[in-house]
Amino acid sequence: MTTESMTAGQLGRRSRLAETVIEMLHEMEPDRIQMREVSERSGVALGTLYRYFPTKQQLLAAAMLGWNNRLSEKLKAERRAPGPKDDSSICERVLGLYRREMRAFQRGPHFARLEIELFSSTDEYVIETLDQRAAANRGALFDLLEGVPPETARVASLAIGGTMFTALTSWTSGRISFAEALRNVEDVIRLVLADYA
């Protein structure tokens, strides 16, 4: 069932399911989440849950997108907040964006684990959902890269995104500390945007 064909009530129930999973991910790892418990906590019948999300992976992907959208809206609101004009360099603004994103993962490490788990999925819905998330994140980055040549911006996006994914993987598996993970991301940003510092 596509969201375009859903009624307002159906969209509300679907959203409630994703929000419930977001709440649960603050408490437990993704593999401990059970569909029956999501149904009970959300107040949405188990049969209805499966109609919206035939697999747990699809439900988790929708929750990941919802969490990301929440974070994106918060970051946009911070940028629009009244105050003195931000005259920091492009590099400093990008550093600020990624520091806030990394700290969001630090506060919610189960979301970092979920991101890594979903990345290897071959489920078409999961892939499309993660593509939506990636597009929103690229858009936020490219907004900060205004004035940077398109090819440089594209390469910067690839380098920063790849480093962040590797950093999150190494951190969540215990191979490096969070401070090291953050430093790796910051170092790559400074390297690829050295001309815009």
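Values computed for the structure shown
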read-out: Test: residue in the range 25-36 that is at pLDDT 85 or above, part of a helix (DSSP H, G or I) and over 25 Å from Thr172 (Cα atoms); value: yes
read-out: Residue tally, condition assigned to a helix (DSSP H, G or I), over 23 Å from the mean Cα position of the chain (by Cα) and either within 14 Å of Leu11 (Cβ to Cβ) or touching a residue at least 40 places away in the same chain (Cβ under 8 Å) (or both), over the range 43-72; value: 2
read-out: Among (1) open to solvent by 30 Å² or more (accessible area, probe 1.4 Å); (2) at pLDDT below 90 - the single one Leu75 does not satisfy; value: (1)
read-out: Residue list for the range 167-197, filter: closer than 21 Å to Ala153 by Cα and of a type in the set (Phe, Trp, Tyr); value: Tyr196
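The values are calculated or read from the model by the stated rules, or taken from the named source; none is laboratory data. Note that the coordinates shown come from a computational prediction; the quantities given were computed from them, not determined experimentally. A quick note on method: Cβ atoms are made from the backbone with ideal geometry, for glycine too, and the neighbour counts reach across all protein chains shown. The accessibility values were calculated without ligands, DNA or RNA, using every heavy atom of the protein model including side chains. Shrake-Rupley method; radii C 1.70, N 1.55, O 1.52, S 1.80 Å.
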